[in-house]
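A.B. asks: One structure is given below, represented as structure tokens, and several questions about it will come after.
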Amino acid sequence: GQVFRLEDYRRSDYRIPETRLAFDLDPEQTTVVSELVIERADDSAAGAPLVLDGDGLDLVALELNGEALGENAFEATPDRLTIHALPTDSTFRLTITTRVNPSANQALMGLYRSSGVYTTQCEAEGFRRITYYLDRPDILSVYRVRLEADKATAPLLLSNGNPVEAGDLPGGRHFAVWDDPHPKPSYLFALVAGDLGVVTDEFVTMSSRRVALGIHVEKGKEPRAAYAMDALKRSMKWDEEVFGLEYDLDVFNIVAVSDFNMGAMENKGLNIFNDKYVLADEETATDADFANIEAIIAHEYFHNWTGNRITCRDWFQLCLKEGLTVFRDHEFSADQRSRAVKRIAEVRTLKAHQFPEDQGPLAHPVRPRRYREINNFYTATVYEKGSEVVRMIRTILGAEAFRAGMDLYFERHDGDAATIEDFLTVFEEVSGRDLSQFALWYHQAGTPNVSVKASHNAATGELVLDIEQSSPPTPGESRKRLMHIPLAFGLVGPDGRDMVWESVEGATIEHGVLHVRKRKHHVRFTGISERPRLSLNRGFSAPITLSVEEKPEDRAFLARHDGDLFSRWQALGGLMSDAIIEASKHLRDGRKAEYGREIPELCGVIATDDRLEEAYRALALALPSEADVAREIGANIDPDAILAARNGLVEAIAAANGDTFAALYDQLADSEPFTPDAASAGRRSLRNMLLDYLSSGPGATGRAAAQYRDAGNMTDRSAALSVLVMRHPDAADTKAALADFETRFGDDALVMDKWFQIQAAAPGAGALETVRTLTTHPGFSIANPNRVRSLIGTFSSANQTGFHRADGEGYRFFADIVLQVEQRNPQVAARLATGLRSWRSLEPKRKARAREALLRIASTENLSPDLRDIVERTLA
Ligand code: B3K
Ligand code: ZN
């Protein structure tokens with residue numbers, strides 16, 4: 001396929017200041033009339049043909065300034081419309097009529113129908129599946145949209161902007177006209193037409209603009225949209241308070257649809273959501289679902305400024321809107337919930353999703369320089385690492401200068417299609433700092449490593465830190481330049497407090513942040529009378545790996561005493577991870593695993609320390625996942641040994657703390673009615689973490705079975721079910737609970753996703769048969785992205801022993817499914833296929849089998865560009 005390169009960016013010869021669209025909606029034959037005002041960008045473009053993008057389009061009619069175009073004047077293929085003979089005037093009008101079939105659209109890009117609702121998805125390049133256009137983000141246009149449809153089946157007609165007109169038409173049809181005054185790129189266009197229920201509310205902005213809010217969901221599910229509405233209003237308020245940003249239309253609509261390729265989409269004034277991220281109540285959604293809804297509602301709303309008012313010049317700049325908007329939604333959640341807990345959750349996600357990407361064949365810079373399929377670049381690197389880079393800018397500049405930079409960004413670039421350079425420039429200007437070395441975080445792929453060696457001289461009170469940075473090679477980037485790494489740190493004294501030094505030389509330190517900029521820093525502190533423990537990369541100030549020569553006792557000390565909660569969590573996690581790695585080596589060598597007393601004891605101390613929030617204690621007690629451990633080991637992975645070693649540690653912790661955990665479990669039982677707030681959710685998460693430990697012994701199903709039975713909410717019910725399935729897959733209690741769940745929720749697809757997910761994660765060689773059987777369950781559908789992700793996505797990403805079965809059957813099954821999904825939906829298939837990206841770190845036999853599966857996909861004829869791109873890069 002074609003490779004797109006950043007350095008090839010050129011401004012378009014033409015602009016489209018105005019776009020008028022008329023949709024005559026029909027399930028199989030929708031007619032789209034697009035009337036474009038086109039402007040030549042400058043005189044040098046005179047004579048240049050106008051080339052519009054299309055994708056599988058069927059041209060019905062074409063007029064220039066109101067007259068049909070002669071056959072020789074243009075050339076139309078499904079993928080391109082080229083107009084050769086253009087008038088000499090600098091502005092002209094083009095009217096294009098196309099016909100599309102929304103019902104046949106299973107790729108869920110462009111205009112499609114989901115459960116009887118017409119909907120669109122245009123980012124990144126879906127608009128060209130609706131009509132011919134300059135489908136690139138730097139073409140900004142004001143849109144006026146007329147929708148016409150059957151009134152009985154589509155009483156609701158929505159598009160971007162403000163409603164201006166509506167009325168009835170003969171033949172049971174009706175129409176509505178929408179006007180969006182804010183110039184926008186085509187990827188932000190949207191329409192929705194259907195018969196939906198609605199929850200309405202109002203928000204009054206800081207300058208007293210009244211905004212009518214609507215959340216549209218499947219009829220009968222309106223009560224489940226209440227939390228999303230609450231989250232929306234809180235997001236609108238927060239953006240005013242924290243960034244001074246106000247909403248800019250009279251209406252704001254959200255629509256939930258059940259077939260959606262990703263989480264949600266920020267179309268101007270008309271956000272479209274995967275219903276999974278809108279619908280929630282205590283009976284059907286978990287605390288994690290509530291938190292995700294809050295975060296995603298906020299994320300899409302925040303895009304109104306970071307993405308829509310200021311958009312991206314080209315798709316290479318995707319992180320300009322995504323990384324920044326993730327940073328904003330993280331900050332929102334931190335303010336709404338608990339900052340320390342939120343930060344730990346973010347870092348866990350980053351390590352689980354971005355680190356493996358950065359350390360494997362799909363590694364790419366936060367701002368990539370080339371792509372073959374842009375949809376494959378909506379990655380953890382662009383989103384999560386992109387957010388970390390913005391966070392580092394704030395760390396380096398301080399909160400005040402950061403806000404000043406953001407203000408300048410909005411002031412200067414409102415209405416622009418901007419670049420990362422534009423973004424960095426505002427921060428350089430407000431702070432007077434040179435961010436050119438820092439900018440490498442955008443340009444260079446891979447996770448840098450920082451190694452630290454300390455030596456302390458008690459006699460002289462000198463502490464020397466030898467710090468060295470290195471960045472491993474990534475595909476296409478064998479030599480790396482030196483990065484600017486802001487390393488937050490503390491020197492923890494014997495009383496657990498941070499020590500204060502007299503002087504320091506060898507590196508710049510500001511507000512507890514040491515700036516690593518050279519390959520090596522020899523940093524000398526004076527006035528340090530006792531040997532400190534090093535608390536490094538506090539708050540995960542930089543997305544790096546650390547190699548520190550330290551004694552396990554020092555880590556244990558930090559896990560108990562570090563004044564920085566993030567670092568305490570990090571120290572404990574490091575101890576746990578090392579213990580599991582050590583035990584897995586023993587088990588592989590046929591020896592007995594030993595876990596020592598330190599970790600179980602620490603777990604007991606932290607579990608019962610009521611100065612700590614419950615949510616924090618739950619996170620501290622959560623062992624690193626099997627995948628986390630595999631990533632730490634890095635090569636020659638045997639998932640079975642890791643699972644056994646990890647289970648051994650669970651049992652050791654449970655054995656040492658049985659009575660304490662049981663008492664605490666009882667004490668944490670909810671006495672009040674369910675509320676989804678952070679404190680209540682934290683209590684449930686700690687209690688459910690304890691349940692897992694308490695259920696780890698042979699035959700220990702009683703507590704989980706009882707919790708399942710008595711659960712008053714989905715959090716407790718699904719946690720109990722998961723414990724039963726993960727710990728006691730064959731127990732009668734487990735079978736009974738699975739059957740009960742299916743009876744209760746069989747009609748509710750979103751809840752059944754949890755049922756698929758829980759079973760897909762159950763460890764062991766038998767998992768494959770379970771998953772294979774579940775693909776024939778009436779509730780499963782290969783055409784629905786949520787179903788595919790919950791069953792197959794969970795199996796490949798969260799079931800290390802089942803998916804990576806030694807005989808390679810897991811990979812074989814997976815490849816079959818990926819190819820089946822690809823027939824309908826290349827984007828979902830390509831995303832799914834990234835489940836094999838870490839194949840090279842497996843032990844030799846599994847590695848060979850995984851490669852066979854990848855090669856089989858790669859050698860399939862007529863592979864979509866999406867899937868081809870992923871498998872070829874994965875194999876390269
Ligand atoms: N901007 C969309 C993602 C579009 C993905 C296209 N393949 C959602 C978001 O990040 O808010
Ligand atoms: Zn986004």
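The values are calculated or read from the model by the stated rules, or taken from the named source; none is laboratory data. The model shown is predicted, which means the values in this text are computed figures rather than measured ones. Neighbour counts run over all protein chains shown; Cβ positions are idealised from the backbone, glycine included.
A.B. asks: Would you mind stating whether A363 is away from ligand 1 (no atom under 16 Å from the Cβ), at pLDDT 95 or above, outside any helix (DSSP H, G or I) and not assigned by TED's automatic domain parsing to the domain that holds D248? Outline the logic, then answer.
C.D. replies: On the way: away from ligand 1 (no atom under 16 Å from the Cβ): yes; at pLDDT 95 or above: yes; outside any helix (DSSP H, G or I): yes; not assigned by TED's automatic domain parsing to the domain that holds D248: yes.
Considered against the rule, which asks whether it is away from ligand 1 (no atom under 16 Å from the Cβ), at pLDDT 95 or above, outside any helix (DSSP H, G or I) and not assigned by TED's automatic domain parsing to the domain that holds D248, A363 comes out as yes.
A.B. asks: For the subset of the range 257-301 comprising residues that are β-branched (V, I, T) and in a loop (DSSP other than H, G, I, E, B), which member is nearest to ligand 1 (Cβ to nearest atom)?
C.D. replies: Selected residue: V278.
A.B. asks: Given (1) closer than 29 Å to D230 by Cα; (2) in contact with a helix residue (DSSP H, G or I) (Cβ under 9 Å, 6 or more places away or on another chain), identify the lone condition not met by G712.
C.D. replies: Failing condition for G712: (2).
A.B. asks: Among the residues of the range 686-721, which ones are in contact with a Lys or Arg (Cβ under 9 Å, 6 or more places away or on another chain), part of a helix (DSSP H, G or I) and within 23 Å of G604 (Cα to Cα)?
C.D. replies: L686, M689, L691, D692, L694, A704, Q707, D716, A719, A720
A.B. asks: Any residue in the range 308-331 that is within 11 Å of ligand 1 (Cβ to nearest atom) and farther than 21 Å from W441 by Cα?
C.D. replies: yes
A.B. asks: Now a separate question. Restricting to the range 488-540, give me the number of residues that are polar (S, T, N, Q), in contact with a Phe, Trp or Tyr (Cβ under 7 Å, 6 or more places away or on another chain) and more than 25 Å from A345 (Cα to Cα).
C.D. replies: Going through the range 488-540 one residue at a time, the tally reaches 1.
Matching residues to (1) touching a helix residue (DSSP H, G or I) at 6+ places or on another chain (Cβ under 9 Å); (2) under 20 Å from F23 (Cα atoms):
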residue	(1), (2)
G66	no, yes
E71	no, no
F74	no, no
I83	yes, no
L86	yes, no
L94	no, yes
T97	no, yes
N101	no, yes
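A.B. asks: Please determine, by comparing only the residues of the range 23-44 that are buried (at least 17 other Cβ atoms within 10 Å of the Cβ) and either over 40 Å from the mean Cα position of the chain (by Cα) or among the hydrophobic types (A, V, I, L, M, F, W, C) (or both), which one is farthest from R136 (Cα to Cα).
C.D. replies: For the range 23-44, the residue satisfying everything is L25.
A.B. asks: Identify, by number, the condition in (1) closer than 27 Å to A404 by Cβ; (2) touching a helix residue (DSSP H, G or I) at 6+ places or on another chain (Cβ under 9 Å); (3) among the aliphatic types (A, V, I, L, M); (4) surrounded by 20 or more Cβ atoms within 10 Å (Cβ to Cβ) that V516 doesn't meet.
C.D. replies: Tallying (1) closer than 27 Å to A404 by Cβ; (2) touching a helix residue (DSSP H, G or I) at 6+ places or on another chain (Cβ under 9 Å); (3) among the aliphatic types (A, V, I, L, M); (4) surrounded by 20 or more Cβ atoms within 10 Å (Cβ to Cβ), V516 fails exactly one: (2).
A.B. asks: Among A298, A291, which is within 12 Å of ligand 2 (Cβ to nearest atom), under 14 Å from the mean Cα position of the chain (by Cα) and in contact (Cβ under 8 Å) with a residue 60 or more places away in the chain?
C.D. replies: Numbers: A291 fails: within 12 Å of ligand 2 (Cβ to nearest atom).
Every option except A298 fails the conditions.
A.B. asks: Enumerate the pairs (first residue in the range 711-740 and of a type in the set (D, E); second residue anywhere and at pLDDT 95 or above and assigned to a helix (DSSP H, G or I)) with beta-carbon separation below 7 Å, excluding pairs fewer than 6 apart on the same chain, so at least 6 apart or on different chains.
C.D. replies: From residues that are of a type in the set (D, E), the pairs are D716/R684; D716/N688; D716/Q707; D733/A705; D733/L724.
A.B. asks: Between a first residue in the range 772-796 that is under 19 Å from E809 (Cα atoms) and a second residue that is of a type in the set (V, I, T) and not in a loop (DSSP other than H, G, I, E, B), which pairs have beta carbons less than 7 Å apart while being 6 or more apart in sequence or on different chains?
C.D. replies: Within 7 Å, the pairs are V788/V821; V788/V828; L791/V771; I792/I817; F795/V771.
A.B. asks: Right, another one. Just to be sure before I move on: is D335 more than 15 Å from ligand 2 (Cβ to nearest atom), in contact with a helix residue (DSSP H, G or I) (Cβ under 9 Å, 6 or more places away or on another chain) and more than 21 Å from N308 (Cβ to Cβ) in the structure I sent?
C.D. replies: Yes: the conditions hold for D335.
A.B. asks: Inside the range 244-265, can you point out the residues that are within 23 Å of the chain's Cα centre (by Cα) and within 16 Å of ligand 2 (Cβ to nearest atom)?
C.D. replies: Within the range 244-265, I254, F260, N261, M262, G263, A264, M265 meet the criteria.
A.B. asks: A further question on this structure: Answer yes or no as to whether L649 is buried (at least 18 other Cβ atoms within 10 Å of the Cβ) and under 21 Å from V341 (Cα atoms). Explain how you work it out, then say what you get.
C.D. replies: On the way: buried (at least 18 other Cβ atoms within 10 Å of the Cβ): yes; under 21 Å from V341 (Cα atoms): no.
No; evaluated as a whole, the condition is false for this residue.
A.B. asks: Give all pairs with beta carbons closer than 6 Å in which a residue from the range 360-384 that is under 14 Å from W441 (Cβ atoms) meets a residue that is within 10 Å of ligand 1 (Cβ to nearest atom) and outside any strand (DSSP E or B); count only pairs at least 6 apart in sequence or on separate chains.
C.D. replies: Every condition considered, the pairs that remain are P368/F377; V382/L318; V382/E322.
Rundown of residues vs (1) crowded, with 18+ Cβ neighbours inside 10 Å; (2) within 16 Å of ligand 1 (Cβ to nearest atom); (3) closer than 24 Å to I215 by Cα, yes/no style:
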position: A107; (1), (2), (3): yes, yes, no
position: E125; (1), (2), (3): yes, yes, no
position: R144; (1), (2), (3): yes, no, yes
position: S186; (1), (2), (3): yes, yes, yes
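A.B. asks: Residues being of a type outside the set (K, R), part of a loop (DSSP other than H, G, I, E, B) and surrounded by fewer than 20 Cβ atoms within 10 Å (Cβ to Cβ): count how many of those fall in the range 151-166.
C.D. replies: Result for the range 151-166: 3.
A.B. asks: Just give me the residues in the range 427-439 being assigned to a helix (DSSP H, G or I) and surrounded by 19 or more Cβ atoms within 10 Å (Cβ to Cβ), in sequence order.
C.D. replies: Across the range 427-439, the qualifying residues are F427, V430.
A.B. asks: So, one more: Considering the range 369-400 alone, what residues qualify as being assigned to a loop (DSSP other than H, G, I, E, B) and surrounded by fewer than 24 Cβ atoms within 10 Å (Cβ to Cβ)?
C.D. replies: Passing the criteria: R369, R372, E373, Y378, G398.
A.B. asks: Same structure, new question: Quick check, is F423 in contact (Cβ under 8 Å) with a residue 24 or more places away in the chain, more than 30 Å from A798 (Cα to Cα) and assigned to a loop (DSSP other than H, G, I, E, B)?
C.D. replies: Here the answer is no, as F423 does not meet what is asked.
A.B. asks: State whether the residues of the range 735-747 include one that is surrounded by fewer than 20 Cβ atoms within 10 Å (Cβ to Cβ), under 30 Å from N825 (Cα atoms) and either in contact with a Cys (Cβ under 9 Å, 6 or more places away or on another chain) or small (G, A, S) (or both).
C.D. replies: yes
A.B. asks: Now a separate question. What are the residues in the range 301-324 that are farther than 18 Å from L270 by Cα and away from ligand 2 (no atom under 12 Å from the Cβ), if any?
C.D. replies: R313, D314, W315, F316, Q317
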